[in-house]
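Right, one structure below, let's go through it.
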Amino acid sequence: MPRKPLITYEERRIMFLNGPNCTCEEMQKLLPNRDVRSMARRMGVKLKPMPNVAEGNWTAEEDAILRRCCDHMSARDIADMLPGRNRFKVIGRCHRLGLSTSGTTRHMPDSTYSTTRRAAALMAKRAKLREELRGDPAFRAKVEAFMAYRARIHAAQERVRAAQQ
């Protein structure tokens, strides 16, 4: 079986003509079954930035969540609770607010807790914070908006796959 070229002429043409005006998802529809991010990087084509639900300023609710959680949870765990935010954005915001992002429990005295007790107490605090945030109506609305956005993207991808078959 002959080896397929890394990037075909047609794929290059599509990438150069549409790249600057398309997001990664839109380009993926034009070039299915290809990793368009790596193709764009290899070809030097800059794609439009991805639309992000949480792009821009941090809300007061998000700052309150960071203040409540940063001592007890890792940046990755906090980012999982904030739709549209990744751990790097969480770390940057914590630094700007002067908060710790280590996820350590510095409020627990080391002499009275063993490592396993400390870990168990930390897990209990995290679970309690997650439950508290799930009951917050503003947080729930933000999560629902993000999930609706993800569902629309997924539906569009499924329509494209169905049309190609």
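The values are calculated or read from the model by the stated rules, or taken from the named source; none is laboratory data. Owing to the predicted nature of the structure, the values given are computational and were not obtained by experimental measurement. Here the Cβ positions follow ideal geometry from the backbone for every residue, glycine too, while neighbour counts run over all protein chains shown. Ligands, DNA and RNA are stripped out before the accessible areas are found, and what is left, the full protein with its side chains, is counted by its heavy atoms. Shrake-Rupley method; radii C 1.70, N 1.55, O 1.52, S 1.80 Å.
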Net charge near residue 21 (other residues with Cβ under 15 Å of its Cβ; Lys, Arg +1; Asp, Glu -1) is +2
Restricting to lysines and to Cα separations under 23 Å from residue 46, and discarding same-chain partners fewer than 8 apart, the set is 29, 89
Residue separation between residue 147 and residue 10 times 0.36 nm, minus their alpha-carbon distance, gives in nm 45.8 nm
By accessible area (1.4 Å), largest first, 90, 45 order as 45, 90
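Order of 71-79, 59-67 by packing, highest average Cβ count within 10 Å first? Walk me through the intermediate numbers first.
Working: 71-79: 19.7, 59-67: 16.1.
Top of the packing list down: 71-79, 59-67.
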